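The structure appears below as structure tokens.
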Amino acid sequence: MQRRSVVKNIALTIGAAIVLPAWANAWNRESFQNSFLKNPISQENLLAEIVETIIPKTNTPGAKELNVQQFVPVMVMDCYDKNAQEIYKKGFDLVENNAKNTYSKSFADCDAKQRLEVLNKMSKSENSDEKKYIQLVKGLTIQGYLNSEYVMTNLRVYEYAPARYHGCVPVKI
Amino acid sequence: MSNLNINSIKNQTYDAIVIGSGISGGWAAKELTGKGLRTLVLERGREVKHVTNYPTTTKMPWEFEHRNQLKKEVIDANPVISKCYAFYEGTEQFFVKDAEHPYVQEKPFDWIRGYQTGGKSLMWARQTQRWSEYDFEGPARDGFAVDWPIRYADIAPWYSYVEKFAGISGNKDGLASLPDGEFLTPHEMNCVEKYFSQETAKNYKDRHIIIGRAAHLTSPKQIHFDQGRASCQNRTICERGCPYGGYFSSNSSTLPWAAKTGKMTLRPHSVVHSIIYDEKKNKATGVRVIDSNTKQMTEYYARIIFVNAAAINTNLVLLNSTSHRFPNGLGNDNDLLGKYVAFHNYRATINADYEGFLDSTTDGRRPNSAYIPRFRNVFKQETDFLRGYASGFNAGRYQHEDRSGMGEDLKNNILNPQYNNVWSVGSHMMGETIPKASNFVALDKTLVDPWGIPQLRINVDYDDNDVKMTKDFFEQLTEMYTKAGFKNIRTNDSNRTPGLDIHEMGGVRMGKDPKTSMLNKWNALHNCKNVFVTDGASMTSTSTQNPSLTYMALTARAADYAVKEMRKGNL
């Protein structure tokens, strides 16, 4: 815990906006305690493109900018069973293979439309690993995105202390 | 004793000792110090100070690494505590992990514990209803357990006394089955809850839907400000500890009040091994305490001892307090100690939809719900089972998001949740269980816990009465829901393990006769009159109310009696 806050503080002094966005909070590589998740930067980069494809940048940040790619593996590692972890590990190759088979290039080199097509196809795949991988990563991407500080303070505002309860108010349309 | 000099004995001597700092121990500490007694409060867990030791209370959802989900390794290592609704990433620090204090489940029993100052008063559900005359009369009328040695009139002034200090919100509903208290402003029922209340009043003359009575400062008074507490902020994350003191806990209320007298010594990490009995004096003289850090045993002495270790642990302390005079546990001449343990039957839930009020919703958050007081067998026996059940009732207009697809559409959909085209309604059952000799706790003959104290064997289960009552709950609530026009009614019997209700009671029951009960009408042991038990262990029957308010009132009443008796020279 202490080590992490030291790292955080260093990050702050050298420019949090670049090194460690304020809303990244606990999601940083230090959280990665398991070897398979300490994995190559390349896998994190691929995951970043996957989560960004699921929730892309529009006029508001997408999942990648909100560092959801750091939240997903922490959850898989800490909160899911071995089966889910295995599917998660296999999934990256499955994404790459699908991209290569369909577009003859890696997922990262595909354009946004092609990436979406790859993930959509996998989500309907007969291959249960592909389907489960998309389910897992998509679910966690939504969770990480909706529960990010950015979304909870700007888009779907979380009230820390409402100090009220009204039992009957008109629905706002 | 022999190696102690006079000074150290003096340093270890108090007027009173309170074992436990939870909801009833905190009250004992406040009352006894308030009456001028130098009081030692023994807490087996660590110290948790109000505000400063609530590490997660100001955390935002995104600050939890796992968004408040438990790690799998935590769930795997803690099959019991992981079942508790209040145990999550933000509250793990307040619950006892399974391995920390082992016990033997002769029958499955989920023993939910909080070892810290404040005990479970930090994480409790804060529902606070008075017992009625009909509840205290229950065992005598229906012929189970033994007659309570007190009636509503005995405890009513003490309910008022503790309610005013603790701060209880509620509506004066004027119901014989659930007496009104000294209420702060009630929480509001929402449109569908009010509708159900009105429909039920039309359909039944003896069934009522009211707002829950809860230990929240909805409209604090001077006495609450004097405690350093402020209005409830409707955060509904109470179980992490409340920096506003918006709900009642020992930490926010009774313990700091006791500390202010200068008469309280609070000793954390103090596991009570047993109570010391002096055969010549015919009373208890102190307690043996094991320091949970050093494992060293120390004796402390006092003229009176309040045992408020939480129901099951109070049984454990007394069972382990053996002497030549009491070889089977303190005060246990009749072999009743540890027996007639009971709990609340929470296994049944019912859910449904309501298609009205679709132009309305709620705003803000409410740390409470509506409540259906017991309507079965209240004034006379009406069914093929004994006693009855109270129920919660909650209506909510929930939202959902379309999570199909991926990309911009998905993003747009999850940022724009839609109201469901129904209100969701639901109730859970809180059934009275009948105390029986066969539901008991006892010491294991060989297994010991990490402090060298025998482990408890817990032997508690449902019976046929509970099964019949559960069936009746489903039938009656289904009928009430149907008459109110609720649709898509679903019932569920979780068959959950006893204990998870966290309303375990009994084992050291009150009664009139020393032959058939452990405690007298002042919560003192019949056979050791300077030892008082005022937590859940003292309960002769369980009724259907959430029990904490009754423990508070029993404690204040017993403390008043104990000090008067001390002053008369009787204790």
- Message: Only sites in a loop by DSSP and with at most 12 other Cβ atoms within 10 Å count here; which trypsin sites (Lys or Arg not before Pro) in region B:288-348 make the cut?
- Response: B:K295
- Sequence-distant residues sharing a close amide H with B:L500 (under 5 Å, placed H): B:D110
- Item | Cys with no candidate disulfide partner in the protein assembly as shown (beta-carbon separation under 4.7 Å rule) | A:C79, A:C110, B:C84, B:C232, B:C238, B:C242, B:C528
- Inter-chain shielding metric for B:400-408, i.e. average beta-carbon neighbours from other chains within 10 angstrom, reads 5
- Query: By its C-alpha gyration tensor, with a ≥ b ≥ c as the square roots of the eigenvalues, how is region B:215-268 shaped: rounded for a/c under 1.5, else prolate for a/b larger than b/c, else oblate?
  - Reply: oblate
- Item | Cα-projected label distance for A:D111 with B:T58, points at 7 Å along beta-carbon direction, nm | 5.0 nm
- Query: Taking Cα pairs under 8 Å and at least six residues apart, what relative contact order does chain B come out at, in percent?
  - Reply: 21 percent
- Item | 10 Å-binned pair-distance histogram of region B:186-244 (Cα, whole percent) | 19, 35, 24, 18, 3
- Query: Gap in Å between the Cα centre of region B:109-188 and the Cα centre of region B:52-73?
  - Reply: 32 Å
- Query: Once amide H atoms are placed 1.01 Å from N in the peptide plane, what residues at a sequence separation of 5 or more from B:T13, or on another chain, have their amide H within under 5 Å of its amide H?
  - Reply: B:Y301
- Message: Please list, in order, the residues from region B:155-182 whose amide nitrogen is less than 13 Å from a point placed 7 Å along the Cα→Cβ vector of B:E137.
- Response: B:176-178
- Per residue solvent-accessible surface (Å²) - region A:81-173, probe of 1.4 Å: 55 Å²
- Note on the structure: One checks the Cα atoms of chain B and finds Rg and Dmax, in Å, of 23.8, 83
- Quick one: of B:K35/B:K281; B:K30/B:K120; B:K436/B:K529, which pairs are farther than 21 Å apart, Cα to Cα? B:K35/B:K281; B:K436/B:K529
- So, in nm, how far is label B:T446 from label A:S104 when the simple model puts each one 7 Å beyond its Cα toward the Cβ? 7.5 nm
- Item | Rounded FRET efficiency, nearest 0.05, which uses the C-beta distance separating B:K515 from B:H324 and R0 of 22 Å | 0.55
- Note on the structure: Scalar couplings 3J(HN,Hα) for region B:323-339 by Karplus 6.51 cos²θ - 1.76 cosθ + 1.60 (θ = phi - 60°), nearest whole Hz, x for Gly and Pro, are 7, 4, 6, 10, x, 10, x, 4, x, 9, 6, 9, 6, 9, 4, x, 9
- Please state the equivalent ellipsoid semi-axes for the protein assembly as shown: what are the square roots of 5 times the Cα gyration tensor eigenvalues, largest first, in whole Å? 50, 32, 24
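The values are calculated or read from the model by the stated rules, or taken from the named source; none is laboratory data. Keep in mind that this is a model prediction, so the values were computed, not measured. Positions of Cβ are generated from backbone atoms using ideal geometry, with glycine treated the same way; all protein chains shown enter the neighbour counts. Ligands, DNA and RNA are stripped out before the accessible areas are found, and what is left, the full protein with its side chains, is counted by its heavy atoms. Shrake-Rupley method; radii C 1.70, N 1.55, O 1.52, S 1.80 Å.
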